[in-house]
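Input: a single structure, listed below in structure tokens.
The values are calculated or read from the model by the stated rules, or taken from the named source; none is laboratory data. From a predicted model like this one, the values you see are computed outputs, not experimental measurements. When we count neighbours, we look across all protein chains shown, and the Cβ atoms used for this are built from the backbone with ideal geometry, even at glycine.
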Amino acid sequence: MRNKRPLWLYPLFQIPGMLLGMFLVLALLFWLLGWGRPTVAVLIAIDLSPSTYEESPALFNAPNTVMAQEIAAVRSYIEQNSQQLKVPNQIQVMGFGGQVVPLTRDFSSEQQQLEAELTRSLADPSLQSQIGEGTNLNQAIEQGVKALGGISQHCRELLLVTDGEVEVSPSAIAQAADQKVKINALVVGANAPQLETATLATSGIYVSGAEDTLQMLFTDKFFSRFNSNLQWIALWLGFAWVALMWLLTLPLDRWIFQGWMSLPMNLSGQLALGNALFWSILTPIILWQAWRLLGLPLLSSC
């Protein structure tokens, strides 16, 4: 043991050490600089049915109602989209009740345009009658999927906001899955099992929260998830972990298995190499399972 060369003189230590440093630097750069973020199109469909405000027509879009909180959350998403992303999301906003009504004309990433069109639509005195009674979530999904289907080379996210349990037809879910549209749902103060099933079937996210938390949920949950590059960070950290296991081959062999456990040289070498090979096989399997939810780097970020 005393006559052996220092570990850092062996290529089996040097090469994994260099790779470990490189992968950790890449993970840090992707985290700090936001490299690898997907290009995203988001259609936000908000519930404007009578249950989101008082029955009196004078209270349509009144302050301190669920509807007002929904609209404020949409505006916060538009603002954050403009301020934090080099390539902002393409956004369109719809309102739904018994019918689905576009609140912005088309997909856009321009904050001023989106906010102006949203303000103009909400000020339209005929909007309440256009929305109608009831909560036709299936129509909202179908119209949202149809609009997103015309957007190419983008990750397609449909974000639904409603205030109660609603029925979701299997055909609407199948249509979204066929168009590679993720259904995401924010349910205000209730649970909607069928809507949760739709989000799981399309790899979206389901969140339930109080009306005063809508803005926080829009920005911290949905905006962060839609624009996450976590799959790239996971890739580099996975590679770094494999490099670390190979870096530890000689220390395990010399210091742990031979020095501390007094194992024969051939057995200690086999155990040290076996540890590195084990993690070299298991790590890609773990990453593959994670990428099923986060998206595949290089192949797809959606």
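Condition check ((1) over 25 Å from Arg75 (Cβ atoms); (2) modelled with pLDDT of 90 or more) across all residues:
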position: Arg120; (1), (2): no, yes
position: Gly132; (1), (2): no, no
position: Leu137; (1), (2): no, yes
position: Pro170; (1), (2): yes, yes
Task: helices (runs of 4 or more DSSP H) enclosed by segment 149-224 - at least 3 residues per element that are surrounded by 21 or more Cβ atoms within 10 Å (Cβ to Cβ) and assigned by TED's automatic domain parsing to the domain that holds Ser49 - done: 193-201
Task: Residue check for Ala27: over 30 Å from Ile256 (Cβ atoms), at pLDDT 95 or above and small (Gly, Ala, Ser) - done: no
Open item on the list: Which condition from (1) at pLDDT 90 or above; (2) not assigned by TED's automatic domain parsing to the domain that holds Trp236 is the one that Ala58 breaks?
Closed with: (1)
- [ ] Being among the β-branched types (Val, Ile, Thr) and modelled with pLDDT of 95 or more is the filter; apply it to segment 72-90 and report the residue that is nearest to Thr39 (Cα to Cα).
- [x] Ile78
